[in-house]
1. Would you mind finding the one in Asn43, Asn74, Asn53 that is surrounded by fewer than 14 Cβ atoms within 10 Å (Cβ to Cβ), near the ligand (Cβ under 9 Å from one of its atoms) and of a type outside the set (D, E, K, R)?
2. Condition (residue is assigned to a helix (DSSP H, G or I) and within 21 Å of His4 (Cβ to Cβ)) applied to the range 36-47: is it met by at least one residue?
3. Which residue pairs have Cβ atoms closer than 8 Å, lie 6 or more positions apart in sequence or on different chains, and pair a first residue in the range 23-37 that is more than 11 Å from the ligand (Cβ to nearest atom) with a second residue that is in a strand (DSSP E or B) and hydrophobic (A, V, I, L, M, F, W, C)?
4. Which one of the conditions (1) touching a Phe, Trp or Tyr at 6+ places or on another chain (Cβ under 7 Å); (2) in a helix (DSSP H, G or I) does Gly20 fail to meet, given that it meets all the rest?
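Read-outs: derived from the displayed coordinates by stated rules, not from any lab. Computed from a predicted model, the values in this text were never measured in an experiment. Cβ: placed from backbone, ideal geometry, glycine included. Neighbour counts: every protein chain shown.
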Amino acid sequence: MKHHICQSCGMPVLSAAEWGTEADDTPSKDYCWHCYQKGAFTNPFATLHDMQNHILRIMERQHVDSREIYQAVNILPELKRWEKPVRV
Ligand SMILES: [Zn+2]
């Protein structure tokens, strides 16, 4: 696990309880509980682009500063889930 951020959505994971769960209920080492539960992604986006749009919409709804949105969206390509291009 690097930097304690979710390797799917890029959000900081601040406590152990915020990690997702594997199929056998052990905590995930990579993904937060918003993204990953019982060993599967809760948001099965096919592409990085879909995830970026998703994050964008959430942050705009929360009236997050546009610079922070830009940073959040641009960290996504470095995350484990999006390292390899996903086939649609
Ligand atoms: Zn996440």
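1. On the way: Asn74 fails: near the ligand (Cβ under 9 Å from one of its atoms); Asn53 fails: near the ligand (Cβ under 9 Å from one of its atoms).
Just one listed residue meets the conditions, Asn43.
2. Keep residues of the range 36-47 that are assigned to a helix (DSSP H, G or I), which gives none.
Among the residues of the range 36-47, not one is assigned to a helix (DSSP H, G or I) and within 21 Å of His4 (Cβ to Cβ), which makes the answer no.
3. Pairs that qualify, where the first residue is more than 11 Å from the ligand (Cβ to nearest atom) and the partner is in a strand (DSSP E or B) and hydrophobic (A, V, I, L, M, F, W, C), are Ala23/Ala40; Pro27/Trp19; Lys29/Trp19.
4. If we test Gly20 against (1) touching a Phe, Trp or Tyr at 6+ places or on another chain (Cβ under 7 Å); (2) in a helix (DSSP H, G or I), just (2) comes out false.
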